[in-house]
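Enquirer: One structure, pasted below without further comment.
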Amino acid sequence: MSTEHPSRVYFPSMALRKTRYLRQTVSSSGPSIFNQHSRKLSSENHKEYLAQLHSRKAVSLKEKKVKQQRSAEEGYASSSPSSASLIPSRPPIPRYHHVCEPSYGDEEDVVLDDCATITSSVDFIPGFGATRNDEQIRRHRNFVKCSTAPSTSSTEDSCHSRRWSFRSESKDRRLADEDDEMTIGWIRQKGKFKKWKLNQTIQAIEENRQKLRPRSKPLQDYYNDDDAELEAMAKIRDPDAPRPEGTIMNPVRGEAAHSNTNNTMPRSLDSAFHRFGTTAAKNIAAMVLDQSAKPSTQLTYGKLHSRAGKVAYMLLTKTVQVNKDGSKNVMCKPGDRVALIYPNTQPLHFLAAFYGCLQAGVIPVPVEMPSSKREAGIAQLGFLLGNCGVKVALTSESCYKGLPKKVNTSSTFSAPSGSNSLTGTSSEIVDFRGWPRLWWAVTEHMSKPSRDWTAPPRLADETIAYIEYTTGNDGTVKGCCVTRQAVFAHCRALTTAMEYKEDETMVCVVDFKREVGLWHAILASIFNGMKVIFVPYSLMKMNPATWMHMVSKYQATTALVKSRDLHWALLATRDHKDISLASLRTLLVADGANPWSLSSCDAFAAAFTPSPYSLRPDAMCPCAGSSETGTISIRRRGNAQLGSQSGRGILSMSALSHCVVRVDTENSLTSLTLQDAGQIVAGAVVVVTAIDGSNRLCQADEIGEICVSANSTAQLYWALDGQTHHTFKVEPVGEYGKLIGAVRYVRSGLIGFMGPDGMVFVVARRQSLLAVSGRYHSADDIIATVLAVEPMKFVYRGRICVFSTSVLRDERIVIVAEQKPNCSEEEAFDWITRVLRAIDTIHQVGIYCCALVPANHLPKTPLGGVHVSETKQRFENGDLHPSTLLMCPHNCVLNLPKPRERQADVGPAAMFVGNIVQGVRIAVAKGRNIDDEPSLPLLECLRSRAQSSPDHRILTLVTSKNAEQDTATCSTLLKRAERIAGLLTDRARLSRGDHVALIFPPSIDLVAAFFGCLSAGLVPVCIKPPVASDLNTTLGPIRMMVDMSKAVAILAPQNVSKLLKSKEAAHSIDSNAWPMILDLEDAPSSWRRKNNNNCDTTTSGSSGAASKEEICYLDFSINSSGQLQGSSMSEASAITVCKSIKVSSELYPSRHVVVCAPPYSGISLVLWCLSSVYSGHHTTLIPPMEVEQQPSLFLTTLSNLKVRDAFTTYSTINTCVTQLATSVENLRERGCNLSMLRSCVAIAEERPRIALMSSFCKLFAPLALNNRAISTSFSSRVNAAICMQGASGPEPSTVYVDARALRNDRISLVGKGAPHSVALIESGKLLPGVKIAIANPETRGQCADSHLGEIWVASIHNASPLNRLASVTGFGDEGTMNTDVYNARLTTGDTKTRWARTGYLGFLRQTQSITEHGELHDAVFVVGALNESLVLRGMRYHPFDVESTVSKAHRFVGNSAVFTWNHLVVIAAECTGSESDALDLVPAITSAVLEEHHLIVGVVVVVDPGSIRHGPGGEKLRSTIRSLFLEEKLNPIYVAYHM
């Protein structure tokens, strides 16, 4: 088909026929166009033919374009030129047109006198579904004969009448019509012949085919966000919420730097370092305290200068081996990146390495030292090092010895590690997950630089000085590149703001590798020649007042602390002796931007301002800054009242959540007291942009992200151009969307607003901001609320983590805290409840989950804090392992879709007529007809086979111990049946028509007992025997079946009869309450029917066989809803179902079949007991319990016997998949081969399990298993065999339906892989004699094709109700129910047929597959049981779909069951992991179901493996599980009730 003309269809084969035809017709008269010189090959003619057709179209389009241009120029009203100018002259209409002659589309109807049409086929006219009759064929042949005869007219006329020419050969013959069509022959319409248009017919056929195919959405629709409505609902803003009312803010500038101060400062950091290292070499630059709080090590400026030179010399001159051939390169070159990895107890080593890198011109990258391989955030640090291209790491000797290492076993050359590895001889490498291979160099005991070595010249100011790492919201680590010019400007700004002077003393308690510690203790201190005392964090945990003692001892003027250090110092009251803080000019609070640091600052100032501590009132100095911007603001010194009163505000947290600043009362619970973070540093300009990340300037009373423009900010993120542009190149937009200037700003990640006099107020950090339902909350605010609810009794104060996780297109708040060991579960739940109530009252936000974990269980940062991103990742991955958990999805999930509203009742007749008007096919299908030949009764079949082929084996029982545990031929089976008949008639004295309960394990004895009952004229009832280890549970259903069947006797083997009479069974059911119990061992050795016995033989003769109208057996089963269902099967129904299975599966006496299914009901009973006797084939019986004991028994039996057909259950298939997953190779070595298996049918009364069947085929594919061998079937209590994939038939089709449409009882076919798609496979081919229809379960109107409804079946082998009299008369409740189920009638469509309702929802779809009879195949798709579906929020949810989602929620989720209780969704899930993993399943399951199905789970029950009970066929007994849950007998590991 041409791509340029999609409406055209060309037939090359017809073009070739045309060539051959012209050779014959034109050769007789006139000059031939196919002479010897011009003759071409057929393929060449074909190519030329297509080329000319395409050229004609191109010429037509060109002419039309010229025509339009000409008409536009001349101004004609009509754009159509005269036909004489563009349409070429046409020859007279010939007597006929050739099969491939192109039509212009404007011919008039041509009348021909009974002339036949010349087509590509003599007997068939395209477009007509019938062959032509003999008269038409005769006329056609006469016409062709006359046409090919010599003509009496002139040669020219003859040639003209039979001439076929390509009308595009000459340029003067062109077509203007764009809708050219191919014409094939003529068709008769109302006595006239008209041309048959090829394109129209092909297009109509294609349209019909497209209707049958699933209508896939256009490609662009797959990129549409289907859940955008949920996100929009989550971000709906409250109309009553406060809105900003101020004017658009203007940039705020800091004070200008004083020129006299700048003149006294060094010109660069390098010059300052060199000056103090040479002129003040004996001055102490830094000292560090040991664990006894004594200055163990100190470093002078001279030693610092010398060590830095050694480090620079080593980096630039040391060579390392890079290849196996021994070639070496210099370790570093100027501009390379070097990692500095030092613990917090070794700041002096870090100081020397840092300035050594600056001297060498390499770029230091300070990172935290990982303490173990499993430390939180270690992989992110490795990503930073790899992203920066770091190849060398500097560390200390003690640090390197403590790093985890492994032996390098790789044969390829890799970069070695270690202090002695620079020669390339070390076999150890440092083992950190996600880290690149590094050259590790120790900065101790280094050699002096040679005399002829000189340091490299000072680099330009625009070059990068160092890279400082920062962490994003999701835990990613990025490197902020700071230039040398920015370092110099930053040091000058800090010196001006803090009034640093030479020889002053500074005490540093914070981390010296980044932010405040790096800026002040490493850079500004050396820039001003100060003395720094480093107090390690480990020492602070033992003695929190150590830093105050250092201030008193060394008369320090500056102290770098955090608010936690102030809090801890207040608590260490016994260490407050001999402390004097009078010398402390500035107490810099590194986290002063945190609003909740105010309480610690005020308490510390109130405690230490009075004598004898004498802390200055203005010493408290909060600041604000980030790695990207450096220092933004610092509170100025000079106002004595500034530290306690100025720069404060009491704001409403509710208004702040809406990004608006509003003043609140002081005693309000929802108020937040803020202190200023100081004034803008000198030389900086600050603006506040919108909190949503855009560049819009905020209004004066609106909070947003603080952005800075200064020379002291960082320049970029290393190798992250996209994020660099977003963060470092902000161009604020003012009013009317205009830029405020050409200056670019840098985002700080701080959320706040500008106050008066250039003061900066910070509300939160971007990292701790939680955007929930269109509002913004700070994690620090929520932590403060949690701490207010008596935290010291239940949780640890500093071990609380708050973050948000995305669920259902909105962020949900999660609180995780470490629980104290002495806190009981009840106390923990009481505390959690009070916390949730407090947060709801103060913040007006719901908490999604609150979890408590054991002590020291949360991941830690190197400085001891909680690693938030790692905690969040563990929660989302299901690895948090909480000890107490409470989820509240009902309170916080407010953006669920609207409940489905039922439309006005539309009558079934209206729906039926609407389907007809739309041309939709009505959903009805039937299997092939079954012959009406009379068949012998089942007992007579056995007797006939016993006479004709007595030694033919029909049954073999296989167990795990014996491949032929028991066998039966036709004669032996009849003898065993007659013995049992003698026991029932002669000894038990039972009357004809009595019901007998057969309680047998799966065996041949059950088959013999079944036919023994038939021989005695009794009705058998097959019942599964009780389990000795679980009599309390298994005896109840047996008793119910015996009572409902009205059995007068029980026949069982000796072990079962003893069990029923035992004392253990008597505790559940009194042994005297059972009917007469007969032991199989008491059967006589032989028995022959007597004519004068007490059996009534008037209706069936002396044979004892029942008539076709009499009951053959009773069928009892327990469905997945826990209901006991019973039905009766007549002799005719039993014979017909056997015949139907025989015809469908091609079962003949020479066939061999394997059956592994419980033989107590449905099609399993028919295959186990009846089918072999009726069809005469050999059946190998495998009890399902034997497969559970030896999982390989089923597969090895199939392989050893080389059977082609097998019948089993999903339970057996699941056992093989789960138990033999690791034994496939062993089975293959033992010779297990499944290549002969043609059909393995899974017997079930549920939706086919596609995933399980696919897993089975893929797992055992190495055993030569065909992927088409596994198929499905469908049956119900009203019909034992509805669908089954027979031996011959099309491959089962698979469709994909929209899950959301399925919830609304609609079928919407989508493509494979489409969003929200659910795969459904057909349940096999309809068996012979079966007719089904799809009916609306409410209106009982017949549905259309591919419409969801209840499956109704009409068949000869339909079952009948137990009380057949009540069913016929319709009296009583039981009769009404039976009439509704077994004798239902449609209100529209086929209203005369009596149908049986299966109780299962499904749909019919006519596929493109062709059956063996040449008809289109009708596929039956089962969706689920009607009584098990969950109707919630106006929609119908099928447990199968929800359970499929639950199974994929967590790796430790096993089987699960879904049911409802008090309008709440309850999910019972098995935990395949340890008990510590049980609580991890609760949030995973809740979130998965909420995301996939928009359902809020009310209760999650975590149980042990094996607690989810299954029926004999593998179906889940959800009702039984629900009853056990309500009766508190489920024995769960944990029950989570959601709020």
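Enquirer: I need a count of the residues in the stretch 546-598 that are free of Cβ contacts under 8 Å to residues at least 40 places away in the same chain, assigned to a loop (DSSP other than H, G, I, E, B) and among the hydrophobic types (A, V, I, L, M, F, W, C).
Expert: Of the residues in the stretch 546-598, 5 are free of Cβ contacts under 8 Å to residues at least 40 places away in the same chain, assigned to a loop (DSSP other than H, G, I, E, B) and among the hydrophobic types (A, V, I, L, M, F, W, C).
Enquirer: Looking at (1) within 27 Å of the chain's Cα centre (by Cα); (2) surrounded by fewer than 24 Cβ atoms within 10 Å (Cβ to Cβ), which is the one condition that is false for GLU1291?
Expert: (1)
Enquirer: Which is free of Cβ contacts under 8 Å to residues at least 60 places away in the same chain and either closer than 19 Å to ILE1118 by Cβ or within 48 Å of the chain's Cα centre (by Cα) (or both), of ALA1052, ALA1073, ALA1066, ALA1047?
Expert: ALA1047
Enquirer: Residues being open to solvent by less than 20 Å² (accessible area, probe 1.4 Å) and under 32 Å from the mean Cα position of the chain (by Cα): count how many of those fall in the stretch 1400-1428.
Expert: The number of residues fulfilling the criteria is 12.
Enquirer: Give me the residue from the stretch 498-530 that is within 23 Å of MET540 (Cα to Cα) and among the small types (Gly, Ala, Ser) and, out of that set, surrounded by the fewest Cβ atoms within 10 Å (Cβ to Cβ).
Expert: Residue satisfying both the conditions and the ranking: GLY517.
Enquirer: Taking ALA1132 as meeting all but one of (1) open to solvent by 20 Å² or more (accessible area, probe 1.4 Å); (2) outside any helix (DSSP H, G or I), write down the number of the exception.
Expert: Unmet condition: (2).
Enquirer: Of all the residues that make up the stretch 860-879, how many are out of contact with any Cys (no Cβ under 6 Å at 6 or more places or on another chain), crowded, with 16+ Cβ neighbours inside 10 Å and more than 30 Å from GLY1498 (Cβ to Cβ)? Explain how you work it out, then say what you get.
Expert: Here is the first cut: in the stretch 860-879, the ones out of contact with any Cys (no Cβ under 6 Å at 6 or more places or on another chain) are 860-865, 867, 869-870, 872-879.
Checking which are crowded, with 16+ Cβ neighbours inside 10 Å leaves us with 860-862, 867, 869-870, 872-876, 878.
Still in the list and also more than 30 Å from GLY1498 (Cβ to Cβ): 860-862, 867, 869-870.
Going through the stretch 860-879 one residue at a time, the tally reaches 6.
Enquirer: Which one is farthest from ILE522 (Cα to Cα), of the residues in the stretch 297-327 that are open to solvent by 70 Å² or more (accessible area, probe 1.4 Å) and free of Cβ contacts under 8 Å to residues at least 60 places away in the same chain?
Expert: Step by step, filter the stretch 297-327, then rank; the result is ASP325.
Enquirer: Sort through PRO899, PRO889, PRO882 and tell me the only one that's open to solvent by less than 30 Å² (accessible area, probe 1.4 Å) and farther than 30 Å from SER371 by Cα.
Expert: PRO889
Enquirer: Take the residues in the stretch 1150-1177 that are outside any helix (DSSP H, G or I) and in contact with a helix residue (DSSP H, G or I) (Cβ under 7 Å, 6 or more places away or on another chain), then tell me which one is farthest from ILE1213 (Cα to Cα).
Expert: GLY1176
Enquirer: What is the one condition in (1) more than 14 Å from ALA677 (Cα to Cα); (2) within 57 Å of the chain's Cα centre (by Cα); (3) open to solvent by less than 30 Å² (accessible area, probe 1.4 Å) that ALA603 does not satisfy?
Expert: Unmet for ALA603, out of (1) more than 14 Å from ALA677 (Cα to Cα); (2) within 57 Å of the chain's Cα centre (by Cα); (3) open to solvent by less than 30 Å² (accessible area, probe 1.4 Å): (3).
Enquirer: Take the residues of the stretch 1454-1494 that are more than 25 Å from VAL853 (Cβ to Cβ) and part of a helix (DSSP H, G or I): which is least open to solvent (accessible area, probe 1.4 Å)?
Expert: In this case the residue turns out to be HIS1493.
Enquirer: Of the residues that sit in the stretch 753-768 and are in a strand (DSSP E or B) and over 41 Å from the mean Cα position of the chain (by Cα), which one is surrounded by the most Cβ atoms within 10 Å (Cβ to Cβ)?
Expert: Result: VAL760.
Enquirer: Let me ask you something else. Considering only the stretch 303-339, state which residues are aliphatic (A, V, I, L, M) and part of a strand (DSSP E or B).
Expert: VAL320, VAL330, VAL338, ALA339
Enquirer: From (1) in contact with a helix residue (DSSP H, G or I) (Cβ under 9 Å, 6 or more places away or on another chain); (2) farther than 27 Å from ALA910 by Cα; (3) at pLDDT below 90, pick out the condition that doesn't hold for GLU1412.
Expert: Answer for GLU1412: the failing condition is (1).
Enquirer: Let me ask you something else. Here are some residues: SER1211, SER1235. Which one is without any contact (Cβ under 8 Å) to a residue 40 or more places away in the chain, open to solvent by 10 Å² or more (accessible area, probe 1.4 Å) and either polar (S, T, N, Q) or part of a helix (DSSP H, G or I) (or both)?
Expert: SER1235
Enquirer: Something else: Take the stretch 770-803 and flag every residue that is in contact with a Phe, Trp or Tyr (Cβ under 8 Å, 6 or more places away or on another chain), surrounded by fewer than 20 Cβ atoms within 10 Å (Cβ to Cβ) and either at pLDDT 90 or above or outside any loop (DSSP other than H, G, I, E, B) (or both).
Expert: Hits for the stretch 770-803 are ASP780, ALA784, LYS793.
Enquirer: Under 6 Å between Cβ atoms, which residue pairs at least 6 apart in sequence (or on different chains) link something in the stretch 1147-1169 that is touching a residue at least 40 places away in the same chain (Cβ under 8 Å) with a partner that is basic (Lys, Arg) and assigned to a loop (DSSP other than H, G, I, E, B)?
Expert: Pairs that qualify, where the first residue is touching a residue at least 40 places away in the same chain (Cβ under 8 Å) and the partner is basic (Lys, Arg) and assigned to a loop (DSSP other than H, G, I, E, B), are TYR1160/LYS1024.
Enquirer: With the structure loaded, tell me whether GLY1506 is open to solvent by 10 Å² or more (accessible area, probe 1.4 Å) and part of a strand (DSSP E or B) or whether it fails that test.
Expert: So GLY1506 does not fit the description; no.
Enquirer: Residue check: is THR476 closer than 30 Å to LYS872 by Cα, touching a residue at least 12 places away in the same chain (Cβ under 8 Å) and open to solvent by 50 Å² or more (accessible area, probe 1.4 Å)?
Expert: yes
Enquirer: OK, next. In the stretch 726-745, how many are surrounded by fewer than 17 Cβ atoms within 10 Å (Cβ to Cβ), assigned to a helix (DSSP H, G or I) and in contact with a strand residue (DSSP E or B) (Cβ under 9 Å, 6 or more places away or on another chain)?
Expert: 3
Enquirer: Just one of (1) at pLDDT below 90; (2) loosely packed, with under 15 Cβ neighbours inside 10 Å; (3) over 23 Å from the mean Cα position of the chain (by Cα) trips up ASN1304, so point out which.
Expert: Of (1) at pLDDT below 90; (2) loosely packed, with under 15 Cβ neighbours inside 10 Å; (3) over 23 Å from the mean Cα position of the chain (by Cα), only one is false for ASN1304: (3).
Enquirer: Filter the stretch 677-691 down to the residues that are open to solvent by 10 Å² or more (accessible area, probe 1.4 Å), closer than 18 Å to PHE728 by Cβ and assigned to a loop (DSSP other than H, G, I, E, B) and list them by number.
Expert: Matches in the stretch 677-691: GLY683 only.
Enquirer: How many of the residues in the stretch 823-844 are within 16 Å of TYR796 (Cα to Cα) and not in a helix (DSSP H, G or I)?
Expert: Adding up the residues that qualify gives 2.
Enquirer: Exactly one of these conditions fails for ALA312: (1) farther than 30 Å from GLY755 by Cβ; (2) touching a strand residue (DSSP E or B) at 6+ places or on another chain (Cβ under 9 Å). Give me its number.
Expert: Unmet condition: (2).
Enquirer: Across the stretch 1178-1192, which residue is farthest from PRO1149 (Cα to Cα) among those that are outside any strand (DSSP E or B) and among the polar types (S, T, N, Q)?
Expert: GLN1189
Enquirer: So, one more: Any idea which residue in the stretch 563-600 is nearest to ASP781 (Cα to Cα), counting only those that are touching a Pro at 6+ places or on another chain (Cβ under 8 Å) and open to solvent by 20 Å² or more (accessible area, probe 1.4 Å)?
Expert: TRP568
Enquirer: Where the second residue is open to solvent by 10 Å² or more (accessible area, probe 1.4 Å) and among the charged types (D, E, K, R) and the first is closer than 17 Å to PRO1191 by Cα and lies in the stretch 1251-1266, which pairs have Cβ atoms under 9 Å and are six or more apart or on separate chains?
Expert: From residues that are closer than 17 Å to PRO1191 by Cα, the pairs are CYS1257/ARG1268; LEU1263/ARG1228.
The values are calculated or read from the model by the stated rules, or taken from the named source; none is laboratory data. Remember, it's a predicted structure, so these values are computed and weren't measured experimentally. As a convention, Cβ positions derive from the backbone with ideal geometry for all residues, glycine included, and neighbour counts pool all protein chains shown. Side chains included, ligands, DNA and RNA excluded: accessible areas come from the protein's heavy atoms. Shrake-Rupley method; radii C 1.70, N 1.55, O 1.52, S 1.80 Å.
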